[in-house]
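Inspection log for the structure reproduced underneath, given as structure tokens.
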Amino acid sequence: SGGDCPGLNAAIRGVAKAALNKYGMKVIGIMDGFRGLVENRTVLLDDKVVSGILNLGGTFLGTSRDKPQKMPMGGKKLDMTETAVQNLRKLQIDCLVCLGGGGTQKNALHLQKAGGVNVLTLPKTIDNDVAGTDTSFGFDTAMGIGAEAIDRLHTTATSHHRIIVCEVMGHNAGWLTLGAGIAGGADVILIPEIPYDLNAVAEHLLERRRSGKRFSIVAVAEGAISKEEARAREKAEKELERKSEKKDKKGRRKEKAGDDEPDGLNLVTEPMASRLARDLQRLTDTEARVTSLGHVQRGGSPSATDRLLCTLLGTKAAELLAAGSYNVMVAVRSNEAVPVALEKVAGLRKIVPADHDWIKAARMVDTCMGDHA
Ligand code: F6P
């Protein structure tokens, strides 16, 4: 469920092969995430179906961003939880395995709480922002693609003495940009966790030029914001909180924190990197160009590290299913797959802490993080 990523097929294969061959279970695949569950679209997974898919990108089951409790149906958003639960009962499913990011963890917990369904989840997202786990599958592949793109931008930026601003995905977390930026040797890395000061960035670029470096690469997270935008957002959030508290007192529904999975229809906007490139070109009097990596980072074959991770997590999931250990997420802790209570991770988001070693390392190699530190 949610946005696809490299490694989904490998994870489905891991769960299914171990469940079928080691534990003799029956495995049913659900098409297109929670939408397929509500619409009762399933496929029986036998060994043949899940063979030969380890290295394939995307997911052969399909996916969607729909959630059971707010499903777009005939122009309206309906609560289809009851239908989803009934369909699971009809199929005699003992446990629903959900592969997804932060939103999926919440939706799985919702099915468990509202419908008494047994669930088990795996952390999947290129954003690496699922709480309670060291990493999520898809992240390593996307970071590798980002680093390679930044490598390639270096040679053309050098030849033309340009600034190239490269926008990296990651939703509201900076892991992907930070990892790809450090690995690709970006000169400036801007992440949502550190609101940037445009003048500090421009000054860093000018300083590079003064020292004889005639090009610069800026890696910017799609969710990065300037200091001014951060202040305005904080003000707006406080106002919203005040209003929703008022509403709450009147007994109406209060908006839940973390209810912000990207809404497919609202994402066609100008890449924020374009605005940034325009400003930097003006402030540094240096020609600037923009590259937005976008969905390229989510496509194609998973890295060896992700294939390994998916197999580890998938087979651990089967082991937990066999033991009847439900309502957990299979997390990665110090390279081991371990169960953590879903209740403890659903609704939380893992962002880059200000004192994270990656930030420290980036600063030590003279990378500008958008501030004056
Ligand atoms: O959550 C994964 C992710 O790729 C984010 O990095 C990005 O913001 C979003 O999904 C894009 O969503 P969509 O594929 O729906 O456009």
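The values are calculated or read from the model by the stated rules, or taken from the named source; none is laboratory data. Since the model is a prediction, treat every value here as computed from it, not as a measurement. Glycine gets a Cβ as well: all are built from the backbone with ideal geometry, and neighbour counts include every protein chain shown.
Of all residues in region 324-373, count the ones that are loosely packed, with under 15 Cβ neighbours inside 10 Å, within 22 Å of Gly115 (Cα to Cα), among the small types (Gly, Ala, Ser) and under 21 Å from the mean Cα position of the chain (by Cα).
Within region 324-373, residues that are loosely packed, with under 15 Cβ neighbours inside 10 Å, within 22 Å of Gly115 (Cα to Cα), among the small types (Gly, Ala, Ser) and under 21 Å from the mean Cα position of the chain (by Cα) number 1.
Go through Thr104, Thr155, Thr135 for me and flag whichever is surrounded by fewer than 23 Cβ atoms within 10 Å (Cβ to Cβ), β-branched (Val, Ile, Thr) and within 30 Å of Pro353 (Cα to Cα). Before the answer, list the steps.
Values: Thr104 fails: surrounded by fewer than 23 Cβ atoms within 10 Å (Cβ to Cβ); Thr155 fails: within 30 Å of Pro353 (Cα to Cα).
That would be Thr135, the only listed residue that is surrounded by fewer than 23 Cβ atoms within 10 Å (Cβ to Cβ), β-branched (Val, Ile, Thr) and within 30 Å of Pro353 (Cα to Cα).
I'd like the residue in region 207-228 that is over 12 Å from Val188 (Cβ atoms) and part of a helix (DSSP H, G or I) and, out of all such residues, is farthest from the ligand (Cβ to nearest atom).
So the residue we want is Arg210.
Suppose we filter Ala346, Ala288, Ala361, Ala373 for residues that are of a type in the set (Gly, Ala, Ser) and touching a strand residue (DSSP E or B) at 6+ places or on another chain (Cβ under 6 Å); which single one remains? Spell out the reasoning first.
Numbers: Ala346 fails: touching a strand residue (DSSP E or B) at 6+ places or on another chain (Cβ under 6 Å); Ala361 fails: touching a strand residue (DSSP E or B) at 6+ places or on another chain (Cβ under 6 Å); Ala373 fails: touching a strand residue (DSSP E or B) at 6+ places or on another chain (Cβ under 6 Å).
Only one candidate qualifies: Ala288.
Would you pick out the residues in region 172-215 that are touching a helix residue (DSSP H, G or I) at 6+ places or on another chain (Cβ under 6 Å), farther than 14 Å from Ala149 by Cα and small (Gly, Ala, Ser)?
Within region 172-215, Ala202 is the sole residue that qualifies.
Given the residues Gly146, Gly132, Gly170, Gly174, which is the only one that is within 21 Å of the chain's Cα centre (by Cα), more than 15 Å from the ligand (Cβ to nearest atom) and at pLDDT 95 or above? Explain how you work it out, then say what you get.
On the way: Gly146 fails: more than 15 Å from the ligand (Cβ to nearest atom); Gly170 fails: more than 15 Å from the ligand (Cβ to nearest atom); Gly174 fails: more than 15 Å from the ligand (Cβ to nearest atom).
After applying the criteria, what remains is Gly132.
Is at least one residue of region 118-127 within 14 Å of the ligand (Cβ to nearest atom) and among the basic types (Lys, Arg)? Talk me through it step by step, then tell me what you get.
Initially, region 118-127 is screened for residues within 14 Å of the ligand (Cβ to nearest atom), giving 123-127.
Filter again for among the basic types (Lys, Arg), leaving 124.
Yes, region 118-127 contains a residue that is within 14 Å of the ligand (Cβ to nearest atom) and among the basic types (Lys, Arg).
Determine whether Leu321 is touching a Phe, Trp or Tyr at 6+ places or on another chain (Cβ under 8 Å), more than 16 Å from the ligand (Cβ to nearest atom), at pLDDT 90 or above and among the hydrophobic types (A, V, I, L, M, F, W, C).
On the way: touching a Phe, Trp or Tyr at 6+ places or on another chain (Cβ under 8 Å): yes; more than 16 Å from the ligand (Cβ to nearest atom): yes; at pLDDT 90 or above: yes; among the hydrophobic types (A, V, I, L, M, F, W, C): yes.
The answer is yes for Leu321.
Would you list the strands (runs of 3 or more DSSP E) that sit entirely within region 118-204 and hold 2 or more residues that are under 16 Å from Ala277 (Cα atoms)?
Values: elements: 119-123, 163-168, 188-190.
Output list reads 163-168, 188-190.
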